[in-house]
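One structure is given below, encoded as C-alpha cells.
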Amino acid sequence: MSQTLIAYVNGDFIPLQNATIHIEDRGFQFADGIYEVIACFGGTFLDLQAHLNRLQRSCEAVRIPLPCALSEIATLVLQTYERNPYSDAMVYIQITRGVAPRSHLPQGELKPTLIITSRQLPKPTDAKLASGVHAITLKDIRWKHCEIKSIALLASVLGKQEAALQQADEAFWLDEEDHILEGCATNVLAIIHGALVTHPLDHQVLGGITRDMAIRAACEHSLTVEERAWKLGETGLTEIMMSSTTNAVMPICFINHQAVADGEPGVLTMQIRKWMIEAMDTLRRE
Ligand code: PDD
C-alpha cells in the first residue's frame, strides 16, 4: 500500500487528501501570496537559507507578514519532509495573505495562510538528457492581458494598498506615456470638452460591463462619446469618474491630492449616474 502523503496546513500535519483551505483565502481569490520550492537530497536541503531569505524578501515586497519566524519555517519544512516518503524531494512553501471577505484592500489584521508539501523531486531520464529539450520563444505577456478578468490580481491588491496608504480610494494605472488606462478594480472615464472620453478597449483595460452601460446612457442622451487615449491635464478636462459593478459611476474629485476642476462631483458625471440608476431601478420587481 502506498504511504499517505502529509501536508502542513496552518499549524497541523494532515493527510494530503484532507488538506483544504477556505474558499475566501486570498491566494484563491486574488493570487495574493508568494511561494518557494526547495530541493532536498537524502535529508539535506540545497541552499535552504537562500530560499528562506527569498521567501522573506517576497513577503516584504507584498507586505504579507511572515506567519512565524524563518527558523520555525525551516523546522516545519524539515518536519514536512520527514513525514513524507521521498528521499529526494521538492518541498513547497506557500504563504498567502490569509482568509477575508473578498475585497481588493485587505481589511484589518489577517492571519497569513502557511502550507507546506513535499513531493518527489523529478529527475530527467537519460534519454531526455541525451536528446536535450526544445524551447520556443514568446513575447513576454507577464502580465499584459488586463482584458482577461483573471484572478491573478496581486498587482491590483498592491495598487489598492498604496492608494489606502495615501488616504485615497482607488489607484489609476498609467501607461508609458501617462495615459490613464483604468483603476485597480474600475474603469475610468472623463468629460473633456463636454464629451465622455475613455481609453479604448485593448489588452490594457478590462472591458467593464458598467463602462459599456455608462457609454450607452451617454449615447442615448446624445452626449458625444470618444474612446481614445487621454491624460490628466488635457485642456477642456472638467470631470473624471470611475465605473464598476459595485459603483455604477462614482465621481473622482481629487487625483494625487489635487482637485479635479473645483473638487466637487461633476454635473455630467452625476447626470450619467442618474440615468444608470434609473435603468437599474427598472430591474427591481415589486
Ligand atoms: N472589478 N477594471 C478592473 C481591473 C476591474 O477589476 C473591474 C471590476 C472593472 C469594472 O468592470 P465591471 O464594470 O464589469 O464591474 C474594470 C470588480 C468590481 C471587482 O474585482 O470587484
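The values are calculated or read from the model by the stated rules, or taken from the named source; none is laboratory data. Note that the coordinates shown come from a computational prediction; the quantities given were computed from them, not determined experimentally. So basically every Cβ, Gly included, is an ideal-geometry build from the backbone, and we count neighbours across all protein chains shown.
With respect to being within 20 Å of Glu170 (Cα to Cα) and away from the ligand (no atom under 16 Å from the Cβ), Ala229 fits the description.
For the stretch 225-235, residues that are surrounded by 13 or more Cβ atoms within 10 Å (Cβ to Cβ) and on the phi > 0 side of the Ramachandran plot total 0.
Every residue in the stretch 88-131 that is surrounded by 12 or more Cβ atoms within 10 Å (Cβ to Cβ) and of a type in the set (S, T, N, Q), please. The answer is Gln94, Thr96, Ser103, Thr113, Thr117, Ser118, Gln120.
Of all residues in the stretch 232-255, those satisfying the criterion of being within 16 Å of the ligand (Cβ to nearest atom), under 20 Å from Ala164 (Cβ atoms) and of a type in the set (A, V, I, L, M, F, W, C) are Ile240, Met242, Met250, Ile252. For first residues located in the stretch 263-285 and over 15 Å from His221 (Cβ atoms), partners that are at pLDDT below 95 and not aliphatic (A, V, I, L, M) and lie 6+ apart or on another chain with Cβ distances below 9 Å do not occur. Between Lys139, Lys123, Lys111, the distinction of being part of a loop (DSSP other than H, G, I, E, B), more than 16 Å from the ligand (Cβ to nearest atom) and touching a Pro at 6+ places or on another chain (Cβ under 8 Å) belongs to Lys111 only. Just one of the listed residues (Pro200, Pro251) is closer than 25 Å to Ala168 by Cβ and assigned by TED's automatic domain parsing to the domain that holds Gln166, namely Pro251. Residue pairs whose Cβ atoms lie under 9 Å apart, sitting 6 or more positions apart in sequence or on different chains, and linking a residue in the stretch 207-225 that is in contact (Cβ under 8 Å) with a residue 60 or more places away in the chain and under 20 Å from His193 (Cβ atoms) to a partner that is near the ligand (Cβ under 8 Å from one of its atoms) and not in a loop (DSSP other than H, G, I, E, B), are Ala214/Asn187; Ala214/Ser243. Residues in the stretch 182-224 that are surrounded by fewer than 18 Cβ atoms within 10 Å (Cβ to Cβ), of a type in the set (Val, Ile, Thr) and within 13 Å of the ligand (Cβ to nearest atom): 1 in all. Looking across the stretch 172-181, just one residue is among the aliphatic types (A, V, I, L, M) and within 11 Å of the ligand (Cβ to nearest atom), and that is Leu181.
For the stretch 146-193, a tally of residues being assigned to a strand (DSSP E or B) and more than 20 Å from the chain's Cα centre (by Cα) returns 4.
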